[in-house]
1. Scanning for something surrounded by 14 or more Cβ atoms within 10 Å (Cβ to Cβ), polar (S, T, N, Q), under 34 Å from the mean Cα position of the chain (by Cα) and farther than 25 Å from Leu367 by Cβ, does the range 295-305 turn up at least one residue?
2. Check the range 125-140 and report whether any residue there is of a type in the set (A, V, I, L, M) and under 22 Å from Leu27 (Cβ atoms).
3. Determine whether Ile218 is in contact with a strand residue (DSSP E or B) (Cβ under 6 Å, 6 or more places away or on another chain), crowded, with 19+ Cβ neighbours inside 10 Å and not in a loop (DSSP other than H, G, I, E, B).
4. Residues of the range 138-180 being assigned to a loop (DSSP other than H, G, I, E, B), on the phi < 0 side of the Ramachandran plot and loosely packed, with under 15 Cβ neighbours inside 10 Å, which ones?
5. Can you pull out every residue in the range 308-324 that is within 11 Å of the ligand (Cβ to nearest atom) and surrounded by fewer than 18 Cβ atoms within 10 Å (Cβ to Cβ)?
6. Go through (1) surrounded by 17 or more Cβ atoms within 10 Å (Cβ to Cβ); (2) touching a Phe, Trp or Tyr at 6+ places or on another chain (Cβ under 8 Å); (3) part of a helix (DSSP H, G or I) for Phe18 and report which single condition fails.
7. Can you work out which of the residues in the range 261-276 that are within 12 Å of the ligand (Cβ to nearest atom) and not β-branched (Val, Ile, Thr) is nearest to Arg338 (Cα to Cα)?
8. Which condition breaks for Ala339 when tested against (1) surrounded by fewer than 17 Cβ atoms within 10 Å (Cβ to Cβ); (2) among the hydrophobic types (A, V, I, L, M, F, W, C); (3) within 12 Å of the ligand (Cβ to nearest atom)?
Amino acid sequence: MLASKRILLIIGGGIAAFKTLDLIRRLRERGAQVTPVLTRAGAEFVTPLSVSALAGRKVFCDLFDLTDEAEMGHIELSRSADLIVVAPGTADLMAKMAVGQADDLASTLLLATDTAVLVAPAMNVRMWQHAATQRNIAMLKADGIGFVGPNGGDMACGEHGPGRMAEVPEVIAAIESALSSGPLQGRRVVVTSGPTHEPIDPVRYIANRSSGAQGTAIARALASLGAEVVFVTGPATVPPPDGVEVVRVETAREMLAAVDAALPAEVVICAAAVADWHVASATDRKMKKTEGGMPALEFAENPDILATVSSRGADRPGLVVGFAAETHDVVGHATAKRARKGCDWILANDVSHATGIMGGTENAVTLITEDGAETWPRMGKADVARQLADRIARVLA
Ligand code: C5P
């Protein structure tokens with residue numbers, strides 16, 4: 001899949017730079033051509049000699065290296081790749097990218113390029129969690145920069161938490177996905193995921209136990225087939241996938257507004273566990289304990305996002321997919337739900353306690369379409385997501 005792909009690899013200055021030596025080897029094994037760029041700090045961790053020996057070509061280090069400019073100017077270098085990979089992506093490099101600073105070869109290439117960029121961040125956990133780093137990452141994501149990792153775990157500096165560079169196979173998978181000309185290339189898909197929070201007052205809310213795992217896996221699977229995914233998520237416990245546009249919402253009404261704003265799209269998948277009701281009597285002042293016992297809450301019905309999208313007129317997405325979590329007569333209830341909501345497909349699952357599906361890693365689903373019910377074997381949620389994404393790719397082909 002990477003045969004003859006040209007990758008410009010910018011190696012930043014962090015202990016994780018050692019992983020890029022293996023990354024270069026693995027990329028070349030897959031037929032990719034790797035042009036390495038080593039920052040001054042990067043050269044403190046890996047030597048230009050080992051990098052160029054593994055890449056089988058010259059390593060570029062300095063902006064003012066006249067030989068390089070004569071052979072290939074920095075502008076050309078920045079554009080002569082199919083993908084630019086920054087690994088390890090240090091806090092400093094990302095800060096420069098976010099503000100558009102160009103004071104060395106790496107940052108100048110990143111500013112001059114019109115090629116897709118993928119960053120594998122790596123840094124100390126406190127640096128990762130710092131508001132400035134998180135702000136820079138949000139800006140870079142909004143600019144369309146892709147990310148892989150970081151992972152959590154023990155760090156070389158002795159601390160523990162997120163900040164470890166993604167492992168080489170993960171970086172390779174992200175590179176393959178970024179370079180994918182998959183079957184869903186250019187297709188816009190909206191995925192809702194996670195629970196909603198419906199406020200009672202400024203400090204209390206009504207929620208549910210959805211983790212967002214299945215919706216996240218679906219968004220990831222669609223993105224890996226090349227889809228342009230807008231991921232509208234309530235406050236989920238699993239982090240959103242890389243390579244998608246993330247829109248964070250809290251309430252069902254916000255979720256509907258976000259989905260509306262993301263349309264038109266060819267496919268909408270409603271995997272969110274949306275609250276059916278919100279508290280109509282919600283106050284903007286904290287409710288106090290009253291003498292007369294528990295205060296009564298008044299409820300009002302939430303919009304049904306799946307039904308609303310399904311009943312849109314001329315700009316209705318071509319394929320609208322919903323979920324049905326049932327505890328008995330799964331197919332019967334899900335078939336009725338498909339008709340009631342007007343969607344095209346329903347993925348139904350049995351969430352009775354004994355199945356261990358709710359909050360678990362596996363799922364056993366039945367796909368209900370106009371042609372009837374098709375039961376899939378029990379499998380991991382990521383596999384369900386891949387199977388669904390493949391199915392979508394087939395019907396859109
Ligand atoms: O009605 P029920 O909650 O069982 O329907 C489940 C399906 O409907 C899911 O796909 C869910 O995301 C969607 N839904 C929605 N908006 C709601 C309620 C459910 O999109 N208010």
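1. The answer is yes; a qualifying residue exists.
2. Step one: list which residues in the range 125-140 are of a type in the set (A, V, I, L, M), which gives 125, 127, 131-132, 137-140.
This time we only want the ones that are under 22 Å from Leu27 (Cβ atoms), so: none.
No; the residues of the range 125-140 include none that is of a type in the set (A, V, I, L, M) and under 22 Å from Leu27 (Cβ atoms).
3. Working: in contact with a strand residue (DSSP E or B) (Cβ under 6 Å, 6 or more places away or on another chain): yes; crowded, with 19+ Cβ neighbours inside 10 Å: yes; not in a loop (DSSP other than H, G, I, E, B): yes.
Here the answer is yes, as Ile218 does meet what is asked.
4. Asp143, Gly152, Ala156, Cys157, Glu159 - these are the residues of the range 138-180 that are assigned to a loop (DSSP other than H, G, I, E, B), on the phi < 0 side of the Ramachandran plot and loosely packed, with under 15 Cβ neighbours inside 10 Å.
5. Quick first cut of the range 308-324, residues within 11 Å of the ligand (Cβ to nearest atom) only: 308-310, 320-324.
Within the range 308-324, just Thr308 meets the criteria.
6. Of the numbered conditions (1) surrounded by 17 or more Cβ atoms within 10 Å (Cβ to Cβ); (2) touching a Phe, Trp or Tyr at 6+ places or on another chain (Cβ under 8 Å); (3) part of a helix (DSSP H, G or I), the odd one out for Phe18 is (1).
7. Cys270
8. Only one criterion in (1) surrounded by fewer than 17 Cβ atoms within 10 Å (Cβ to Cβ); (2) among the hydrophobic types (A, V, I, L, M, F, W, C); (3) within 12 Å of the ligand (Cβ to nearest atom) is unmet by Ala339, namely (3).
The values are calculated or read from the model by the stated rules, or taken from the named source; none is laboratory data. The structure displayed is predicted, hence computed values, not measured ones. Cβ atoms come from the backbone with ideal geometry, glycine included; neighbour counts cover every protein chain shown.
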